[in-house]
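The structure appears right after this line, and notes come after that.
Any read-out appearing in this document is the output of simple, stated calculations on the displayed coordinates, not a laboratory observation. Since we're looking at a predicted model, the values are computed, not measured. Don't worry about glycine lacking a Cβ; one is built from the backbone with ideal geometry, like all the others, and counts go over all protein chains shown.
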Amino acid sequence: MQRDLSSMELPLDSKPGDDADESPAGHLRVRTVWISDLHLGTPGCQADALLAFLKHVECETLYLVGDIIDGWQLRRAWYWPQAHNDVVQKLLRKARKGTRVIFVPGNHDEFARKYVQHNFGGIEVADEWIHETADGRRLWVIHGDLFDGVIQCAKWLAHVGDTMYEFTLKLNRHLNSMRARLGLPYWSLSRYLKLKVKRAVSYVSDFEVAVAREARKRGLQGVVCGHIHHAELREIEGVLYANDGDWVESLTALIEHADGRLEIFDWSQRAAQRSAETPPAALVPAV
């Protein structure tokens, strides 16, 4: 059964940050947070971890950088458990409580692009955004699918690839269920393949360079995107390239501290450290 996602109604149901770092209560207080590729509506979405992160972090501005709801998957088979409802409700509560929430749709939730410049429950929908950091850098916020040649030139092939990706994630869930019984940590098969297969590595590199060059053409100091499920924070040809990762494999977000420093925040790493009561560490150095 197919559903019209453009008219899908989502349930409406912390406190915004104050530019401080970790509070005594354990909440992370930062200036800005970027998350993308949640893929709500798919079995691969790690909604429980995402909800824990959203409860843990407090910020002034929260960017949802595309592929928040996976319309492609929902058209194939409806999947919407309570945990996914809880995530949407938490985002709406943050918006109501004073956090500015900006949603930049991606290719999997492209149905939302027809609502650009609209506001839903306090969440602003925008085609793209220019974010100015506390230290004055101007960053272009986009999902990134417009720089994906497969998406632009052969969308049918993208859908085939998406089906194969879902199969890989399903296989990965079974693999990690066995690893958990053996007391081994989570391991991402799809991330391993992405970093080891030569063509995949080349695709990621080409994407990163193309996005950074377009940001430079626009006279901006950097770009924040998602789409390729590969968290990264580095300089490319004098332009800051930041990818906030995803909430299917890597469980990462991009955060901006009160002084404008940017950092990839690895929730899986933080959760493990918190359970072991050890000091937190970032995935990469702050920039």
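Quick notes on this structure:
- Estimated distance in nm for a label pair at Q117 and R261, the labels positioned 7 Å out from Cα along Cα-to-Cβ: 4.0
- Extension reserve of the E128-R96 stretch, reckoned as 0.36 nm per residue once the Cα distance is removed: 9.3 nm
- Placing unit charges on the Cβ atoms of the charged side chains and taking the dipole of segment 68-145 about its Cα centre, the candidate lying farthest along the positive direction among H143, W80, Q117 is W80.
- What the phi angles of segment 130-145 give under the Karplus curve with 6.51, -1.76 and 1.60, with θ = phi - 60°, is a coupling list of 10, 9, 9, 6, 4, 9, x, 7, 9, 10, 8, 9, 9, 6, x, 5 Hz, glycine and proline written as x.
- Separation of the R181 and A52 label points, Cα + 7 Å toward Cβ, nm: 2.2
- Cα gyration tensor, segment 51-107 - rounded (a/c under 1.5), prolate or oblate: oblate
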